[in-house]
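Engineer: Next up is a structure, given as structure tokens.
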Amino acid sequence: MTPGVGQPAFGLSFDPRALTDLLQAPSDIRDLTLAYLQDIVNAQRFGLRLTGDLDGYRKLFVDSRKDWRVVYGLRSAPETSAHRREIHVVAIRPRAGNDVYDEVGRRLGMTRRPLSARTHAARSRPPQLTPRTPAPRPGPPPTATPGLPRPAQNPTHHHTR
């Protein structure tokens with residue numbers, strides 16, 4: 001079904017806990033969130049893609065200081081919906097301490113803290129830091145260098161003239 005003029009492009013659904021987030025947010029954040037969600041549903045605005053464990057979801061900065069985030073995903077709408085796809089809001093929370101991303105992970109049933117692609121890269125060990133065996137030094141061995149002490153010779157191997 002193609003959205004008509006003035007008709008939303010997507011349906012809208014909320015995780016019930018995201019509705020609680022919205023109700024507990026300060027009134028200015030609540031108003032901005034609802035206005036931005038309307039733009040998203042009308043396909044006039046899209047959030048930035050998340051990466052890593054939250055790949056497939058998007059984040060939306062709510063306020064000018066970027067202290068609040070809305071995390072949502074685009075998914076198939078129920079058969080009873082007038083839309084084929086819907087925006088599903090998972091969380092509306094402050095960004096401080098990555099609280100919003102930790103909460104999204106919990107709500108999505110992740111057993112560990114979700115990691116971004118940047119975090120995965122930061123935690124991996126680059127090949128340049130992997131220990132290697134020392135490369136042989138060019139030149140004669142240290143015992144052949146003049147002026148340096150030589151190791152003692154074994155007396156049983158003395159050559160007699």
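Engineer: Counting only other residues whose beta carbon sits under 15 Å from that of Val41, what net charge do I get with K and R as +1, D and E as -1? Can you show the working numbers first?
Structural biologist: Working: positive: Arg45, Arg58, Arg75, Arg84, Arg85; negative: Asp39, Glu86.
With Lys, Arg at +1 and Asp, Glu at -1, the neighbours total +3.
Engineer: Given the Cα-Cα distance of Ser81 and Asp55 and 0.36 nm per residue of separation, how much length would full extension add, in nm? Don't skip to the answer; put the middle values down first.
Structural biologist: Numbers: separation 26, 0.36 × 26 = 9.36 nm, distance 2.53 nm.
Going from the current span to full extension adds 6.8 nm.
Engineer: Applying 1/(1 + (r/R0)^6) with R0 = 30 Å to the Cβ-Cβ distance of Gln7 and Asp67, what FRET efficiency is obtained, to the nearest 0.05? Intermediate results must be reported in sequence, preceding the final value.
Structural biologist: Values: r = 33 Å, r/R0 = 1.10.
That pair, Gln7 with Asp67, gives E of 0.35.
Engineer: Okay, moving on. Cβ under 13 Å from Pro78's Cβ, Pro78 left aside: what net charge do those residues give with Lys, Arg +1 and Asp, Glu -1? Let's see the in-between values first.
Structural biologist: Working: positive: Arg75, Arg84, Arg85; negative: Glu79, Glu86.
Charge balance in the 13 Å sphere: +1.
Engineer: Sorting check: for 86-97, 30-41, which peptide has the highest mean count of neighbouring beta carbons within 10 Å, and how do the rest follow? Could you put the intermediate results ahead of the total?
Structural biologist: Details: 86-97: 20.0, 30-41: 16.2.
Taking the mean over residues of other Cβ atoms within 10 Å, the ranking is 86-97, 30-41.
Engineer: Around Gln24, with a cut-off of 11 angstrom between Cβ atoms, what is the net charge of the other residues, counting Lys and Arg +1 and Asp and Glu -1? Each step should come with its number before you reach the end.
Structural biologist: On the way: positive: Arg17, Arg30, Arg93; negative: Asp21.
Summing Lys and Arg as +1 and Asp and Glu as -1 gives +2.
Engineer: Please give the contour-minus-distance gain from Ala96 to Met110: 0.36 nm per residue of separation, less the Cα-Cα distance, rounded to one decimal in nm.
Structural biologist: Details: separation 14, 0.36 × 14 = 5.04 nm, distance 2.01 nm.
Taking 0.36 nm per residue and subtracting the Cα distance, the gain is 3.0 nm.
Values in this text are rule-based calculations from the coordinates and carry no lab data. Since the structure is predicted, the reported quantities are computational estimates derived from the model, not experimental observations. Reconstructed Cβ throughout: ideal geometry from the backbone, glycine too, with neighbour counts over all protein chains shown.
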